[in-house]
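Peer 1: Have a look at this one before I ask anything.
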Amino acid sequence: MSDTPTPPPYAELGPDLILDAMDSVGLPTDGRQLALNSFENRVYQIGMEDGPPVIAKFYRPHRWSDEAIREEHAFTLELAEREIPVVPPLVIHGETLHRHAGFRFAVYPRRGGRMPEFERRETLEWMGRFIGRIHAVGAVTPFQHRPALDIATFGTEPRDFLLHGGWLPPTLLPVWKGVVDEALEGVQRCFDRAGAYTPIRLHGDCHAGNVLWVDWGAEQGPHFVDFDDSRMGPAVQDLWMLLAGEREQQIGQFADVLTGYEDFMEFDPRQAHLVEALRTLRLIHYAAWLARRWDDPAFPAAFPWFNTEIYWQQRILELREQSALMQEAPLPC
């Protein structure tokens, strides 16, 4: 067996390769490129010789199969065909997924916009309407190649990865294990209270950073970007990340979102039991996501606090708080 270390996933992705990739699909550039804020993939704004800049997204190697990426693209194209404000990839020579020098990439039109103001009632209703439209399409057919968001994929598997990977300080390992196990028991009880639900195609990561708000012209309102985490799952997954603050604030926010949402899609009120459960799963999954990416130099640079003793102490406190919250009554709807 060779002792040669595996190179970081994007070690070969330099400026010349990026421009050559654009040339390979017939998009001559003017040489300008700007790295955008993205950790899972690498995303660049590329200047074009003719026309406005485009956005090039280079996929993290080995994360998704080609079929899963194309399925994401097909979903966004399906939404765009129904005039739902998403940003799908450009279809170039009949394809949305391209290859160059061992990297897979897609090209998107550049869209401007600002962060949405979720503290405004009309913004939340507007968001709810468009998420309802997305879900009405997402409920028509299931994904075949993308995984589901459930307790196994976002809870037990990431927990086991962290436990057996040597990521926790030995002094905190038994405490964290006890707390995460208790939290997952609470998650299971929440899912039991919610009962059976029909998974639908979701955005999957519907937070403020993945929404561009446009204030001008016919395109006024939210534009949904980055469907990279699109999965099958419960509808409320795309709603709970719009909520913030104390419980009373979240009750009002949830009501505003559902006012818009139910113009296009019926919401099963039993899924309100899943709000804190899904928040708990996200916390567990996020810690494992950081650990899985630690061989990428961008991660230690951006998250220097990860895997310190104080980091795990804070995660223990978070999970204890979530265990308490999951015992409370669900948000009314």
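Peer 1: Just a yes or no: is a residue in the range 212-222 farther than 21 Å from GLU266 by Cα, in contact with a Lys or Arg (Cβ under 7 Å, 6 or more places away or on another chain) and either free of Cβ contacts under 8 Å to residues at least 12 places away in the same chain or part of a helix (DSSP H, G or I) (or both)?
Peer 2: No: the range 212-222 contains no residue that is farther than 21 Å from GLU266 by Cα, in contact with a Lys or Arg (Cβ under 7 Å, 6 or more places away or on another chain) and either free of Cβ contacts under 8 Å to residues at least 12 places away in the same chain or part of a helix (DSSP H, G or I) (or both).
Peer 1: Of the residues ALA324, ALA329, which is in a loop (DSSP other than H, G, I, E, B) and of a type in the set (A, V, I, L, M, F, W, C)? Can you show your working first?
Peer 2: Working: ALA324 fails: in a loop (DSSP other than H, G, I, E, B).
Within the list ALA324, ALA329, the selection yields ALA329.
Peer 1: Could you list, in sequence order, all residues of the range 231-276 that are under 25 Å from THR76 (Cα atoms), in contact (Cβ under 8 Å) with a residue 12 or more places away in the chain and among the acidic types (Asp, Glu)?
Peer 2: Those that are under 25 Å from THR76 (Cα atoms), in contact (Cβ under 8 Å) with a residue 12 or more places away in the chain and among the acidic types (Asp, Glu): ASP238, GLU262, ASP263, ASP268.
Peer 1: I would also like to ask the following. Does at least one position in the range 228-236 carry a residue that is among the polar types (S, T, N, Q) and modelled with pLDDT of 95 or more? Full working, then the answer.
Peer 2: Of the range 228-236, the ones among the polar types (S, T, N, Q) are 230.
This time we only want the ones that are modelled with pLDDT of 95 or more, so: 230.
Yes, the range 228-236 contains at least one residue that is among the polar types (S, T, N, Q) and modelled with pLDDT of 95 or more.
Peer 1: Residues of the range 223-246 being out of contact with any Asp or Glu (no Cβ under 8 Å at 6 or more places or on another chain) and not in a loop (DSSP other than H, G, I, E, B), which ones?
Peer 2: Hits for the range 223-246 are HIS223, PHE224, MET232, GLN237, ASP238, LEU239, TRP240.
Peer 1: Also, I was wondering about something else. Any residue in the range 283-306 that's buried (at least 18 other Cβ atoms within 10 Å of the Cβ): show its pairings with residues that are among the aliphatic types (A, V, I, L, M) at Cβ separation under 6 Å, as long as the two are six or more apart or on different chains.
Peer 2: Here the result reads ALA288/LEU162, each pair linking the range 283-306 to a residue that is among the aliphatic types (A, V, I, L, M).
Peer 1: Another question, if that's okay. Return yes or no: is ASP66 farther than 23 Å from ASP228 by Cβ and surrounded by fewer than 14 Cβ atoms within 10 Å (Cβ to Cβ)?
Peer 2: Details: farther than 23 Å from ASP228 by Cβ: no; surrounded by fewer than 14 Cβ atoms within 10 Å (Cβ to Cβ): yes.
For ASP66, the condition - farther than 23 Å from ASP228 by Cβ and surrounded by fewer than 14 Cβ atoms within 10 Å (Cβ to Cβ) - is not met.
Peer 1: Would you check if PHE254 is surrounded by 15 or more Cβ atoms within 10 Å (Cβ to Cβ) and either in the same structural domain as MET232 (by TED's automatic domain parsing) or of a type in the set (Lys, Arg) (or both)? Can you show your working first?
Peer 2: Details: surrounded by 15 or more Cβ atoms within 10 Å (Cβ to Cβ): yes; either in the same structural domain as MET232 (by TED's automatic domain parsing) or of a type in the set (Lys, Arg) (or both): yes.
Answer is yes for this residue.
The values are calculated or read from the model by the stated rules, or taken from the named source; none is laboratory data. Keep in mind that what you see is a predicted model, and the values were worked out from it rather than measured. Using ideal geometry, Cβ is built from the backbone for each residue, glycine included, and neighbour counts are taken over all protein chains shown.
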